[in-house]
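The values are calculated or read from the model by the stated rules, or taken from the named source; none is laboratory data. Treat the numbers as computed from the prediction; the structure is a model and nothing was measured. Note: ideal-geometry Cβ built from the backbone for every residue, glycine included; neighbour counts use all protein chains shown.
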Amino acid sequence: MQYQPPSPDDLARLKDELGLSSAQMARLFGLSGGRHWRKYTGGGDPQGISPLPLFFAMAQLELDNETIERVLQRMRRVGATIDLSADSPELDGEQQP
């Protein structure tokens, strides 16, 4: 697989387009909290986001709820425990969506 992550500016633009807080973006991307999200968009040396959290976020934005639930059920059948509505352990001082 060849992959080049979106730039920090691209991610900041997406955040603005969606009108979400850093904590909400972290939740969308399956990250631990707003601080984790900001390491991809800010600071002196922002990191490139890996393809897995990007795919996870874009799937949630593009797929209908029935399809997402079908994928989650498949994950559970192989032994995963997953609840997308559960709060992240890191509250980061921001309210979760």
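Report yes if Leu84 is of a type outside the set (Gly, Ala, Ser) and at pLDDT 90 or above, otherwise no.
Numbers: of a type outside the set (Gly, Ala, Ser): yes; at pLDDT 90 or above: no.
When the stated conditions are applied, Leu84 does not pass them.
The set of residues in region 65-82 being surrounded by 10 or more Cβ atoms within 10 Å (Cβ to Cβ) and polar (S, T, N, Q) consists of Thr67, Gln73. Kindly indicate whether any position in region 6-18 is of a type in the set (Lys, Arg) and at pLDDT 95 or above. Within region 6-18, one or more residues are of a type in the set (Lys, Arg) and at pLDDT 95 or above.
Filter region 22-54 down to residues that are among the small types (Gly, Ala, Ser) and touching a Phe, Trp or Tyr at 6+ places or on another chain (Cβ under 9 Å) and give me whichever is surrounded by the fewest Cβ atoms within 10 Å (Cβ to Cβ).
Filtering region 22-54 for residues among the small types (Gly, Ala, Ser) gives 22-23, 26, 30, 32-34, 42-44, 48, 50.
Pick out the ones that are also touching a Phe, Trp or Tyr at 6+ places or on another chain (Cβ under 9 Å) and you get 22-23, 26, 30, 48, 50.
Values: Ser22: 20, Ala23: 24, Ala26: 27, Gly30: 17, Gly48: 14, Ser50: 12.
The selected residue is Ser50.
Tell me which helices (runs of 4 or more DSSP H) are completely within region 1-91 and hold 3 or more residues being touching a helix residue (DSSP H, G or I) at 6+ places or on another chain (Cβ under 6 Å) and touching a residue at least 40 places away in the same chain (Cβ under 8 Å), or say none if there are none. Spell out how you get there, then give the answer.
On the way: elements: 8-18, 22-29, 34-38, 51-62, 65-77.
Fully inside region 1-91 and qualifying: 22-29.
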